[in-house]
Amino acid sequence: MLKKVISLILLVGVLVTGGSVAYYFYDIDAPNSNNSNISKFIIPEGWGSTKISQELAKAGLVNNFIVFEMYVWLSGISSSLLPGEYDLAGNLSIRQVAKILSKGNTNLSKEVSLTFIEGWNNKDVSDYLVKNNIISADDFYGVIEKKADWWDQYEFLQTKPKNLDLEGYLFPDTYRIYRDATAKDIVAKMLDNFDKKFTAELRQEIKKQGKTIHDIVTLASVIEKEVSTEVDRKMVADIFYRRLKIGMPLQSDATVNYVTGDNALRPTYKDISVDNLYNTYKHKGLPPGPICNPGMSAILAAIYPTPNQYYYFLTTPDGQVIYSKTNEEHAKAKAKYLK
């Protein structure tokens, strides 16, 4: 045990000595480069000086991470580097970078990172916000359920029926928000992101196809919950469009689960018999609105489907998608894969 302690002390001594030598022979006031371009540098909660030093070097914001770490250690500020999002120029010196990070960005250091998953519905979003002590469920639903005047600034909401909430339009992504953000702040940020993702090119294509953004988001939400890969989503999108064209019910298990609140792989006969407009076994056409907040992959699939000759599909317990042209083939596939 004593030998291990002595070895550790010697190792630390070597590192400190070596680092100190490097520190004293390195100009900590020299510009890192001639590049004055600004780069975003984020320090998450929990990062120590070693991790910060290494990431600064990876980002090309300091030339020598050992010298940077030695500088903040010898300066007594190694534990004062604050989490937050920083705009750092490429030509700053080690001393300047350290000073900025030790002072912190007083606004951004009060931020929190939130990640909303593709396929979450509004209840999932609410539960997540409540769990992370961001806002209350009442505040969240108070903003998304009742139309407000500020919704009018978003052109993409114009085709959404006025009686529907914002289900489907809260774009899933990672956001940085102030810890004291209101429900409106958060929802507006998600709608702004949706507006940005739905480019003019996509909107033009949707209009060219004679569809509305609400049609696309609604179908995309179903696709999001039915299959997971980009290839399958584009295939299933075409299948759903073909069913709609011939007046065949979509027969989406995902829409039934939305009605029942379950996540059943195979809804029961009782489930698919529920008289609800979102039950696409019982009612033809698209459901009245989205059943979740879809990601870009599902949205693009709804806009650019892959033409095929299938009318049926099923997903096996291990995630494989099986396609069939006829109901008879589909029945055999169900007997084989869904025992």
For residues that are under 25 Å from the mean Cα position of the chain (by Cα) and of a type in the set (S, T, N, Q), scanning just region 272-305, find the one that is surrounded by the most Cβ atoms within 10 Å (Cβ to Cβ). N293
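Would you list the helices (runs of 4 or more DSSP H) that sit entirely within region 186-268 and hold 2 or more residues that are under 17 Å from W120 (Cα atoms)? Spell out how you get there, then give the answer.
Values: elements: 200-208, 213-226, 230-246, 253-260.
Those helices (runs of 4 or more DSSP H) span 213-226, 253-260.
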Report, ordered by the first and then the second residue, all pairs with beta carbons closer than 6 Å, sequence separation of six or more or different chains, a first member in region 123-144 that is small (G, A, S), and a second member that is at pLDDT below 95. A137/V130
Could you go through region 126-137 and let me know if any residue there is surrounded by 13 or more Cβ atoms within 10 Å (Cβ to Cβ), more than 22 Å from P294 (Cα to Cα) and not small (G, A, S). yes
Scan region 39-49 and give yes if some residue there is within 30 Å of Y175 (Cβ to Cβ), modelled with pLDDT of 90 or more and not in a loop (DSSP other than H, G, I, E, B), otherwise no. yes
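Quick grid of which residues meet (1) among the charged types (D, E, K, R); (2) assigned by TED's automatic domain parsing to the domain that holds P288; (3) over 16 Å from I291 (Cα atoms):
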residue: A237; (1), (2), (3): no, yes, no
residue: G247; (1), (2), (3): no, yes, yes
residue: D253; (1), (2), (3): yes, yes, no
residue: T260; (1), (2), (3): no, yes, no
residue: A264; (1), (2), (3): no, yes, no
residue: K270; (1), (2), (3): yes, yes, yes
Please list, ordered by first then second residue, the pairs with beta carbon atoms under 9 Å, 6 or more apart or interchain, first in region 292-318 and of a type in the set (F, W, Y), second part of a loop (DSSP other than H, G, I, E, B) and crowded, with 21+ Cβ neighbours inside 10 Å. F313/V227
What's the number of the condition K160 fails, among (1) surrounded by fewer than 19 Cβ atoms within 10 Å (Cβ to Cβ); (2) more than 22 Å from the chain's Cα centre (by Cα); (3) under 26 Å from V259 (Cβ atoms)? (1)
So which of I66, I94, I42 ends up being among the β-branched types (V, I, T) and within 28 Å of I177 (Cβ to Cβ)? I42
When the residues of region 102-124 are narrowed to those that are modelled with pLDDT under 90 and of a type outside the set (S, T, Y), which ends up surrounded by the fewest Cβ atoms within 10 Å (Cβ to Cβ)? N107
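Quick check: is even one residue across region 177-184 more than 15 Å from the chain's Cα centre (by Cα), farther than 18 Å from I299 by Cα and among the aromatic types (F, W, Y)? It would help to see each step written out before you state the result.
So in region 177-184, the residues more than 15 Å from the chain's Cα centre (by Cα) come out as 178-184.
Checking the rest, the ones that are also farther than 18 Å from I299 by Cα come to 178-184.
Checking which are among the aromatic types (F, W, Y) leaves us with 178.
Yes, region 177-184 contains at least one residue that is more than 15 Å from the chain's Cα centre (by Cα), farther than 18 Å from I299 by Cα and among the aromatic types (F, W, Y).
Tell me which residues, restricted to region 297-316, are over 11 Å from I239 (Cα atoms) and either at pLDDT 95 or above or outside the structural domain of K334 (by TED's automatic domain parsing) (or both). Let's see the steps before the verdict.
Taking region 297-316 first, the residues over 11 Å from I239 (Cα atoms) are 297-301, 303-304, 314-316.
Answer for region 297-316, where residues must be over 11 Å from I239 (Cα atoms) and either at pLDDT 95 or above or outside the structural domain of K334 (by TED's automatic domain parsing) (or both): S297, A298, I299, L300, A301, I303, Y304.
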Residues of region 320-339 that turn out to be surrounded by 14 or more Cβ atoms within 10 Å (Cβ to Cβ) and part of a loop (DSSP other than H, G, I, E, B), as a count: 0
What are the residues in region 182-215 that are without any contact (Cβ under 8 Å) to a residue 24 or more places away in the chain and among the basic types (K, R), if any? K189, K196, K207, K208, K211
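The values are calculated or read from the model by the stated rules, or taken from the named source; none is laboratory data. If you're wondering where the values come from, they're calculated on a predicted model, not measured in any experiment. A quick note on method: Cβ atoms are made from the backbone with ideal geometry, for glycine too, and the neighbour counts reach across all protein chains shown.
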